[in-house]
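The values are calculated or read from the model by the stated rules, or taken from the named source; none is laboratory data. Note that this is a predicted model, so its numbers are computed, not measured. Quick reminder, even Gly has a Cβ in these numbers, built from the backbone with ideal geometry, and neighbours come from all protein chains shown. Keep in mind that these areas ignore ligands, DNA and RNA; they rest on the heavy atoms of the full protein, side chains included. Shrake-Rupley method; radii C 1.70, N 1.55, O 1.52, S 1.80 Å.
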Amino acid sequence: MFNSLSDRLTATFKNLRGKGKLTEADIDGTAREIRRALLDADVAVPVVREFIARIKARALGAEVAQALNPGQQVVKIVNEELVGILGGQTRQLEFAKQPPTIIMLAGLQGAGKTTLAGKLALHLKNQGHTPVLVACDLQRPNAVKQLQVGGQRAGVPVFAPHPGVSSESEAATGDPVAVAEQGVAHAKDSLHDVVIIDTAGRLGVDEELMRQAANIKSAVNAHETLFVIDAMIGQDAVNTAQAFNEGVDFSGVVLTKLDGDARGGAALSVASVTGKPVMYASTGEGLKDFEVFHPDRMARRILD
Ligand code: GDP
């Protein structure tokens, strides 16, 4: 009958309105429900454990507001904590005082970087910016071509090493760091105010991938490094996010494939273990399936 966590907790405690302070018994019952909801949303196990401990510590002895029952009071605390971990307010891109602003995308292969590059370019173009896309994924066959198609759809130019490169052997001969540098030089010459650099991913985290991404980042002095992660990644979110955080010290997170079954637990896992804010969400394969990320809405999605 009650599907959402908020409803379940509120119902459990509906007769206890205005009972004073939250007790151990109140909290144990609710903690179990919260743990289940977070695990259902695919939040990583260690993150859930830490979260529950924090909720318990905060809730024990907390005054139950007159207008609420203990369940609602805990829901309120859980919501505040979720929003806090997810970064509080929506974090905006920081634009360089001296253009161009250089934004680099990093993440595993298949996370949705190339798709996201076109979406972000369109989003920024619609805000009055003049972005250029730079194709530095020279590993995946067809990635350059895919970026060019995305750029064309978005009406945003693409800087690529050899226009139309699509065969693996041809692409692998390029040096992604050199392409990134040339792309930034091109952006300066052509007065583009934003450069979006698509980089290569691997199926799993590996050192060479990380070194390459870090080399690109430092060669062009990227202002923003966005870690792109598939929301369906589940429990692997923690290891992957930690590896990229150490490897490239990203500044923000983009969660992709939120149109699938994923309830967004990966957002909480990544934000919790790295302390970095989620900034955007991708919700489909189309160019318009893109949203600025709102911590409060994601908290509601997890709680509901
Ligand atoms: P990359 O290897 O990180 O560059 O990943 P791609 O951009 O090539 O995306 C991998 C696959 O995921 C492609 O088939 C995309 O169409 C698909 N994809 C990317 N973003 C989304 C999304 O938000 N939702 C869905 N359903 N599919 C997506």
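Remarks
- Pair list, Cβ < 7 Å and 6+ apart or interchain, from segment 122-136 residues that are more than 15 Å from Pro99 (Cβ to Cβ) and open to solvent by 10 Å² or more (accessible area, probe 1.4 Å) to residues that are outside any helix (DSSP H, G or I) and not aromatic (Phe, Trp, Tyr): Leu122/Val156; Leu122/Leu287
- Checking each residue in segment 216-266 for being closer than 17 Å to Cys136 by Cα and within 14 Å of the ligand (Cβ to nearest atom) picks out Leu226, Phe227, Val228.
- Residue among Ala187, Ala213 that alone is surrounded by 15 or more Cβ atoms within 10 Å (Cβ to Cβ), in contact (Cβ under 8 Å) with a residue 12 or more places away in the chain and either charged (D, E, K, R) or over 21 Å from Val149 (Cα atoms) (or both): Ala213
- Condition met for Ile229 (open to solvent by less than 40 Å² (accessible area, probe 1.4 Å), in a helix (DSSP H, G or I) and touching a helix residue (DSSP H, G or I) at 6+ places or on another chain (Cβ under 7 Å)): no
- Segment 248-267, residues that are more than 17 Å from Asp289 (Cα to Cα) and buried (at least 20 other Cβ atoms within 10 Å of the Cβ): Val248, Phe250, Gly252, Gly265, Ala266, Ala267
- Assessment of segment 274-293 against the conditions (of a type in the set (S, T, N, Q) and within 16 Å of the ligand (Cβ to nearest atom)) yields at least one matching residue.
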